[in-house]
Amino acid sequence: MSFDSLGLSAEILRAISEKGYDKPTPIQQQAIPLVLEGRDLMGGAQTGTGKTAGFTLPLLDRLVKTSKSGKGRRPVRALVLTPTRELAAQVHENVQTYGRYLPLKTAVVFGGVSINPQKMKLIKGVDILVATPGRLLDHVSQNSVNLSKIDILVLDEADRMLDMGFIRDIRKVLTLLPEQKQTLLFSATFSNEIKKLANDLLHSPALIEVAQRNTTSERVAQVVHHVDKKRKRELLSFLIGSNNWEQVLVFTRTKHGANRLAEQLGKDGITAAAIHGNKSQGARTRALADFKSGKIRVLVATDIAARGLDISQLPHVVNFELPNVAEDYVHRIGRTGRAGNEGEAMSLVCVDELKLLKDIERLIKADIPKVEIDGYKPDPSIKAEPINRGRGNSQARSGKPKNKKRTGTKRAQSTDGKPKQKKHWHKNKQKTQQLKAG
Ligand code: AMP
């Protein structure tokens, strides 16, 4: 199947062809005609499947074909909500790329950067807005955006938005949108909470799923190396050096762990940077750009920070520490083997993490091959110890009911849409700290 047969307008086809795509990916083949028909959609898609173009291309097409000229500020007609700043920036980049020959205005808003330039842009009027929920509500409260004319709503990575505690923000945004609209919901996993949100939101949705839920891409070769905790860093440096890996995404469980590892790798002569929620937006953007351009070899990330990173043809992902939540393993290794490329995902597992490994293998319904590395065989006399999960991180991500009631009237300012600690939010303090652990 070619893009030409999908019914997209010539300007969009031109942009796609300039981007170098030959044919639509499976999710694009399924999603594009349905969205063009105006159907609501519930999409189960792993990262790296091409889902962003899957919703962006038909969204652009519909907007441009229903363009209304009128007096006054042009109303926002399409809203894309994403969980993280990085994903918002990437989706917006896609919207700009695919829409470059269309007369549509776009903007992206997320926290962690000054709100004023975003306000100026919004006040001039945009057709498509990509946003993280917290910063969007900041704009609503400052009257810089009116959402009452939205025709198309996209919830991207809805599972992660709920994991991050955004459900109240999302529900608040929904009250500001018109009843009559097209809604597209994408999620890598389908918890009961997601199903409930979808039930409330979608009208006779078409269901599409390109990879079985919680399965890992066949293009990613997975392997486990058992190793003692205190020798993990040494083994990682050895693997990077001896295999001559040039671009490696490494996951740690905590922000502190990410910082420390990036520093240690630097001392081993391997250029590395850490990316996590405590870094300023500037530092995160710089680290990502340096990693993409090859200026640094290793990007060390926590789960939340890494969500949505799209680095094309990323060949190696290393789980320096296994995630607390088994599903995050699927997300992590989905960073490699994207859009048809081969990838390699390696997990360094110490005795403390054997239960986490079991949980992952149960989830993906497969045994991950174990390969022993000469000289790094674990010492059998070392006994398992409890895992340092980062400040209460596991509870925040476990999906347990959260005390998310706001006790004040003023909205807390947000960074990447993440709730920030504020006095009137004291009840929520513990939860906020948990989120910050990511
Ligand atoms: P996504 O799942 O949307 O994050 O996309 C993953 C990667 O696939 C991105 O780098 C896209 O640029 C790329 N991509 C999207 N659609 C196609 C396509 N039809 N052919 C080749 N690559 C694509």
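Things worth noting here:
- Spatial separation of Cα centroids for the stretch 3-46 and the stretch 241-303, in angstrom: 34 Å
- Residues with amide H under 5 Å from that of Gln142, placed H, sequence gap 5 or more: none
- For the stretch 326-335, 3J(HN,Hα) computed residue by residue from phi via the Karplus equation (6.51, -1.76, 1.60; θ = phi - 60°) reads 4, 4, 5, 4, 4, 5, 4, 7, x, 6 Hz, glycine and proline entered as x.
- Estimated distance in nm for a label pair at Glu193 and Arg168, the labels positioned 7 Å out from Cα along Cα-to-Cβ: 1.3 nm
- Summary of packing: across the peptides 253-266, 284-297, the per-residue average of other C-beta atoms within 10 Å ranks them, highest first, as 253-266, 284-297.
- For the pair Arg74 and Val371, a Förster radius of 56 Å applied to the C-beta separation gives a FRET efficiency near 0.45, rounded to the nearest 0.05.
- Linear extension gain, Thr66 paired with Ser5, 0.36 nm per residue minus alpha-carbon span: 19.9 nm
- Ranked by how many other beta carbons lie within 10 Å on average, peptides 227-235, 29-37 from highest: 29-37, 227-235
- When its C-alpha radius of gyration is set against 2.2 N^0.38 Å (N residues), the stretch 84-214 gives a value of 1.07.
- For Ala221, residues with placed amide H under 5 Å, excluding near neighbours: Gly343, Glu344, Ala345
- Full-extension gain in nm, Lys149 to Trp245, via 0.36 nm per residue minus C-alpha separation: 29.7 nm
- Cα-Cα over 28 Å, subset of Lys295/Lys377; Lys51/Lys267; Lys295/Lys355; Lys267/Lys377; Lys121/Lys279; Lys23/Lys279: Lys295/Lys377; Lys51/Lys267; Lys295/Lys355; Lys23/Lys279
- Remark: the Glu361-Ala289 segment gains 22.6 nm on full extension, using 0.36 nm per residue and subtracting the alpha carbon distance.
- Paramagnetic label reach from Glu18 (point 7 Å along Cα→Cβ; backbone nitrogen cut-off under 14 Å): within the stretch 83-124, residues 94-104.
- Residues whose placed amide H lies under 5 Å from that of Gln182, excluding near-sequence neighbours: Ile152, Leu153
- Farthest positive-ward along the stretch 220-386 dipole, Cα basis, beta-carbon charges - from Ala345, Ala366, Thr285: Thr285
- Placing +1 on each Lys and Arg Cβ and -1 on each Asp and Glu Cβ, with no other charges, gives the stretch 92-204 a dipole about its Cα centre of roughly 360 debye.
- By the beta-carbon count within 10 Å of each Cβ, the least crowded to most crowded order of Glu344, Glu179, Glu11, fewest first, is Glu179, Glu11, Glu344.
- Inter-site label distance for Glu93 and Lys105 at 7 Å from Cα along Cβ, in nm: 2.5 nm
- Restricting the stretch 34-105 to chymotrypsin sites (Phe, Trp or Tyr not before Pro) in coil, as DSSP defines it, with at most 16 other Cβ within 10 Å: Tyr101
- The fraction of all Cα pairs in the stretch 189-280 landing in successive 10 Å bins from 0 to the largest distance is 12, 30, 24, 20, 12, 2, given as whole percents.
- Along the stretch 11-20 the Karplus relation, 6.51 cos²θ - 1.76 cosθ + 1.60 evaluated at θ = phi - 60°, assigns HN-Hα couplings of 5, 6, 4, 5, 5, 5, 5, 5, 6, x Hz to successive residues, with x for each Gly and Pro.
Where a number appears in this text, it was derived from the coordinates with a stated rule and is not lab data. In this text, all values refer to a predicted model and were calculated from it rather than measured experimentally. When we count neighbours, we look across all protein chains shown, and the Cβ atoms used for this are built from the backbone with ideal geometry, even at glycine.
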